[in-house]
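Contents: one structure, followed by commentary.
The values are calculated or read from the model by the stated rules, or taken from the named source; none is laboratory data. From a predicted model like this one, the values you see are computed outputs, not experimental measurements. A quick note on method: Cβ atoms are made from the backbone with ideal geometry, for glycine too, and the neighbour counts reach across all protein chains shown. These accessible areas exclude ligands, DNA and RNA; they are computed on the full protein's heavy atoms, side chains included. Shrake-Rupley method; radii C 1.70, N 1.55, O 1.52, S 1.80 Å.
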Amino acid sequence: MENFIYYTPTKVYFGRKQEEQLGAILTEFKASKILLHYGKNSVKKTGLLDKIIEQLNKVKIPFIELGGVEPNPKLSLVEQGVQIVKENDIDFILAVGGGSVIDSAKSISAGALVSHSPWLFSTHEKTPVKTIPLGVILTIAASGSDMSDSCVITNDKTKEKRGFNCPLNRPKFAILNPELTYTVSPYQTACGTVDIMMHTLERFISNGSPTDLTDQLSIGLLKAVYKAGKTVMEDPKNYDARATLLWANSLSHNGLTSCGRTFIMSVHQLEHEVSGLFDEVPHGAGLAILWPAWAKYAYPFARERFKKIAYELLEIEPSNSLDQDISMAINQLQNYFKEIGMPTKLSDFNIKESDIEILAEHVTFHQKRVLNDVISIDKEIAYKIYKEAF
């Protein structure tokens with residue numbers, strides 16, 4: 001096991017009706033003027049936004065609303081948020097929604113205290129040294145951004161989707177009520193299920209020394225998500241299954257399932273270029289397509305890790321051929337994604353075969369970087385993976 005720092009300062013309020021404690025929670029965190037940040041229509045349709053505003057008015061905390069966050073959150077809206085915070089002496093940001101809203105809020109939080117563009121954090125040219133405090137009310141189990149140190153933003157001018165990690169990105173608190181996820185569509189629920197699994201799978205299938213405890217935690221989480229993902233497809237208001245997905249969403253990306261391991265999450269990097277260039281591709285759907293294609297190239301270089309996936313996670317009966325069993329495991333996961341409603345190839349979207357060259361060029365930063373994980377992904381290998389996924 002390698003050295004690691006495990007830092008999870010986010011205070012979690014988990015369970016039914018926890019959002020009704022919002023006023024008291026914000027008072028505890030000494031919020032005096034809030035930017036209320038959310039997406040487009042869902043928080044209004046469900047009545048959640050009205051309940052939040054009622055809570056804010058009850059404790060007499062003034063606020064300014066900024067809605068309109070899209071999937072693959074955009075830099076242009078972040079810049080609007082930064083301007084609002086600066087001009088109105090906002091001292092706390094409340095993000096209501098999923099990963100896109102939270103990441104947009106994180107970028108605003110960091111950008112509001114500097115004179116340069118917040119995009120420079122995403123390109124790693126600058127590092128935040130101070131941020132505006134941030135709290136979260138989560139409405140979908142997916143990205144894990146509610147407890148993570150990551151922030152991913154799309155530059156709508158250049159079509160680049162870039163992320164940066166910083167401890168200051170972690171929210172002060174997260175309110176997680178599984179009932180708030182009941183109205184999430186089956187398709188978006190499936191996208192979220194895949195994202196949760198990938199956050200742990202990509203950490204699991206990485207190089208490094210033995211990490212038996214972390215491995216068992218990871219396998220346990222993946223088994224629970226695998227089962228819960230199927231359950232909510234049939235019974236969307238199954239509280240226990242929704243609760244499993246929501247809590248796994250947080251634990252899969254807060255650092256727990258990578259303790260003692262070094263990882264890069266190459267599939268996420270490959271997918272960022274897809275949803276960055278093609279906005280209609282949900283992140284989870286892109287991951288469902290790309291992971292099997294990546295795994296076919298990666299498994300010969302990480303047989304012991306894939307062996308655990310086959311025998312311990314998926315409980316495949318060992319045959320005389322480990323390669324055959326691993327291939328069966330990859331196919332089983334691909335079939336699972338399909339079963340819960342995910343697409344299986346890039347061509348299911350408005351993506352042409354000629355776009356593969358552009359994707360391979362972008363993911364390697366125009367051949368200036370190589371993703372060194374269990375396999376080294378240069379432009380040639382990236383092209384082959386995208387081609388396999390097409």
Item to check | segment 155-247: trypsin sites (Lys or Arg not before Pro) falling in loop per DSSP and having at most 12 other Cβ within 10 Å | outcome: K157, K237
Checklist entry - Rg to Rh ratio, segment 174-252, alpha-carbon atoms and Kirkwood radius? => result 1.01
Checklist entry - Which percent of the accessible area of the chain is formed by carbon and sulfur heavy atoms (probe 1.4 angstrom)? => result 51
Next on the checklist: Can you compute 3J(HN,Hα) from phi for each residue in segment 203-213, using the Karplus curve 6.51 cos²θ - 1.76 cosθ + 1.60 with θ = phi - 60°, rounded to whole Hz and x for Gly and Pro?
Outcome noted: 6, 5, 8, 9, 6, x, 7, x, 9, 4, 5
Checklist entry - Considering only DSSP states other than H, G, I, E and B, which trypsin sites (Lys or Arg not before Pro) in segment 317-389 qualify as loop sites with at most 16 other Cβ atoms within 10 Å? => result K345, K352, K368, R369
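Out of all Cα-Cα pairs in segment 46-111, roughly what percent, to the nearest whole number, are more than 16 Å apart?
So the pairs more than 16 Å apart make up 47 percent of the total in segment 46-111.
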Next on the checklist: Can you compute the helix-only [θ] at 222 nm over the chain? Use -39500 (n - 2.57) per DSSP H run of at least 4 residues, normalise by all residues, nearest 500 deg cm²/dmol.
Outcome noted: -14500 deg cm²/dmol
Checklist outcome for this item: For the chain, percent of DSSP beta bridges that are antiparallel (nearest 5) comes out at 25
Item to check | Residues whose placed amide H lies under 5 Å from that of L176, excluding near-sequence neighbours | outcome: Y13, F14, G15
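Out of every Cα pair in segment 20-68, what percent are spaced more than 18 Å from each other?
Every Cα pair in segment 20-68 considered, those over 18 Å come to 27 percent.
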Checklist entry - What are the residues whose amide H is under 5 Å from the amide H of F63, where those residues sit 5 or more places off or on another chain and H is modelled from the backbone? => result I34
Item to check | In order through segment 68-74: 3J(HN,Hα) via Karplus (6.51 cos²θ - 1.76 cosθ + 1.60), integer Hz, x for Gly, Pro | outcome: x, 5, 9, x, 6, x, 9
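Tell me, which longest segment in the chain has none of the GluC sites (Glu not before Pro) that fall in DSSP loops with at most 14 further Cβ atoms within 10 Å?
Longest run free of exposed loop sites: 126-279.
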Item to check | Gained length - I5 relative to T262, 0.36 nm times residue gap less alpha-carbon distance | outcome: 91.3 nm
Checklist entry - Hey, what's the Kirkwood Rh for segment 287-332 if you take every pair of different alpha carbons, in angstrom? => result 10.5
Checklist entry - Please state the Cα pair-distance histogram of the chain with 10 angstrom bins from zero: what percent is in each bin? => result 5, 24, 34, 25, 10, 2, 0
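Please express the shape of segment 100-188 as an equivalent ellipsoid: the semi-axes are the square roots of 5 times the eigenvalues of the C-alpha gyration tensor, given largest first in whole angstrom.
On the way: eigenvalues 123, 51, 17 Å².
So the three semi-axes of segment 100-188 are 25, 16, 9 Å.
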Checklist entry - Residue separation times 0.36 nm, minus the C-alpha to C-alpha distance between Q367 and E317: what's the value? => result 13.8 nm
Checklist entry - Ranked from the most accessible area to the least, with a 1.4 Å probe and all protein chains present, what is the order of S145, S319? => result S319, S145
Checklist entry - To the nearest 0.05, what FRET efficiency results for K60 and K40 with a Förster distance of 30 Å applied to their C-beta separation? => result 0.60
Item to check | Once the Cα gyration tensor of segment 217-373 is diagonalised, semi-axes √(5λ) in Å | outcome: 26, 21, 17
Checklist entry - Can you pull the Rg over Rh of segment 1-119, Cα-only, Kirkwood? => result 0.99
